[in-house]
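Here the structure is laid out as structure tokens; the discussion comes afterwards.
Throughout, read-outs are computed from the coordinates displayed, never taken from laboratory work. Just so it is clear, the model here is predicted, and its values are computed rather than measured. Using ideal geometry, Cβ is built from the backbone for each residue, glycine included, and neighbour counts are taken over all protein chains shown.
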Amino acid sequence: MSKTLKRHSNHEKGGKRIQYTTNPNGAPASRSNNLTQSIPTNGIITIVNSDLEDTMDLDISQLKVNEQLKRKYRTLLKNKGILEFLVMFIAPIMSKQQVYQMLINLGYNHPPSKYKSVSIKKLVKILADFIINDESLKLTLPVISFGPRYTVDKFLSDLTLCSRILIVTGAGISTSLGIPDFRSFSGLYAQLDHLRLEDPQHAFNFKIFNRNPQIFFSIAHLILPPDGKVSITHDFMKVLQSKNKLLKNYTQNIDNLEVKAGITTDKLVQCHGSFASARCLSCFTKYPGSKIYSHIQQKIVPRCFNCYNRVKLNDEVSVNYGVIKPDITFFGEDLPKLYYKSIKQDISQCDMIIVIGTSLKVEPVASIVDRVAKKVPKILINRDAIPDRDFDLTFLGDCDNVTSYISQRLGSGWKIPNERYNPQQKLTCEVTDLDENIYRVSSP
Ligand code: CNA
């Protein structure tokens, strides 16, 4: 039986999601599907949507306590405890007015004059502090351990100690070389309008390729690897390899630049194949990828000589007859065997996972990070955050800047051997979201 795990796009990761909804004026929470699930972090309720505008223009100073609700809330808090109360009455999406109303209905006093100057997050924290410090409720607080935050310093120190680092990479590590990624604003998908495809992913769909190989070959030149150059991030991986710290690089890239950077074959899994080789779809003759580069550059469909020699005048052949296809994995094709052979063991062996330059939209690679043990530090380096995956630390920014920053912080022994690397480059690393542990690295 063929493997069922084919490469596919996963726009809606995460399976079933649950939202607790409630009417803060009293009705208990109910469960409904398909909406966002809230996650408390650092002991503070982060279940508010700070973007939600207050819809009613209420005069806050006029709000009065609803005695019936007050009794209900406080009895529940005393009898069931704080967690049950939160589950029943705090909704993932609440307006600032609703939070304030709850505060009043619990009998707490927060000066209306300060209402405007506090953020909704702050107001929720004030509410939580009131409840937790309310001695009349005699609350036994549940012990919830969130563990210490995974700091940048801890990450840098772990890097020096870890010896089995798994690196998952995507198109973002090659964009500095001029190869567009897929899904960014100016990425390849945004440049395919002229093909009038229902979905830009169809340019990489195996069935469609077989029906019309010209579609792929009309755009393949856009992602052909440049000659002789690799990015700072490629060379950063090489540094890890030289220090015997690289367990393996699972790359979704097809540009084969990891090999050019010197990542050895035992340390590399090209999950979606690469342009390094190609083969005839009819007779399966294997060709070096470079054999068809000039065809790709000229947007010509390359055909296999052997197969065409066999065709006689007036023979009818199918449109994909003798087409030489680069060994890259199209949607609808299976991943290379090496992926399945090694992934399980590498997931169980790694002592750190670093994900770089990928939107994590294509399965099964996208879910590798979810399969790694909880105790293993999970780091993301990307231009965009990926909120639906559980990273311990996220560095937002250009991955060449982030890897340069890491190298600079670790000292001269971590110098990246790349002509573009500048150990003196001014780079800052600033926290942008403490709850999610997200830092932005940029050059001022
Ligand atoms: P994607 O979905 O286009 O995502 C790329 C991600 O990288 C986005 O989240 C960007 O924000 C981020 N990014 C872009 N540039 C940078 C940068 N300089 N620094 C940091 N982050 C950056 O691409 P994925 O790799 O996630 O998708 C997997 C596809 C893309 C694979 O199947 C590849 O075959 C395919 N692809 C490969 C290449 C290549 O080999 N160079 C190029 C284009 C597409």
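Miscellaneous remarks
- Estimated dipole of the chain in Debye, rounded to 20 [Cβ of Lys and Arg +1, of Asp and Glu -1, Cα centre]: 980
- Residues whose amide H lies under 5 Å from that of Arg303, counting only those 5 or more places away or on a different chain, are Ile324; hydrogens are built 1.01 Å from N in the peptide plane.
- For segment 183-207 versus segment 261-296, the gap between their alpha-carbon centres in whole angstrom: 22
- Think of the chain as a dipole: +1 on every Lys or Arg Cβ, -1 on every Asp or Glu Cβ, centred on the Cα centre; then among Tyr293, Ile379, Ile353, Ile353 lies furthest on the positive end.
- Cα centroid separation, segment 366-444 to segment 75-140 (Å): 36
- Helix axis angle, 337-349 relative to the chain longest principal axis, alpha carbon, degrees: 40
- Ranked Tyr100, Tyr439, Tyr340, criterion: other C-beta atoms within 10 Å, fewest first: Tyr340, Tyr439, Tyr100
- Sorted by Cβ neighbour density within 10 Å, fewest at the top, the residues Asp400, Asp129: Asp129, Asp400
- The chain - share of DSSP beta bridges that are antiparallel (%, nearest 5): 45
- Over the chain, Cα pairs under 8 Å with separation of 6+ residues give a relative contact order of 16 percent.
- Point-charge dipole on Cβ atoms (K/R +1, D/E -1) for segment 375-418, about Cα centre, debye to 20: 220
- Efficiency of FRET from Cβ geometry, Leu63 and Gln349, R₀ 41 Å, rounded to 0.05: 0.10
- Helical contribution to [θ] at 222 nm, DSSP H n ≥ 4, -39,500 (n - 2.57), averaged over the chain, rounded to 500: -8000 deg cm²/dmol
- Anchor Lys114: aspartates and glutamates whose Cα lies under 20 Å away (excluding residues fewer than 8 positions away in-chain): Asp51, Glu53, Asp54, Asp57, Asp59, Asp129
- Within the straight-line cut-off of under 15 Å between alpha carbons, the aspartates and glutamates reachable from Lys378 are Asp153, Asp158, Asp346, Asp351, Asp370, Asp388, Asp390, Asp392, Glu436, sequence neighbours fewer than 8 places apart in one chain being disregarded.
- Using Cβ point charges alone (K and R +1, D and E -1), the dipole size of segment 276-364 about the Cα centre works out to roughly 360 debye.
- Helix 120-132 axis, angle to the chain major axis (alpha carbon atoms, nearest 10°): 50
- Distance between modelled label sites at Leu197 and Asn314, nm, 7 Å Cα→Cβ extension: 3.9
- Acute angle (nearest 10 degrees) that the helix 232-242 long axis makes with the longest principal axis of the chain, alpha-carbon atoms: 90
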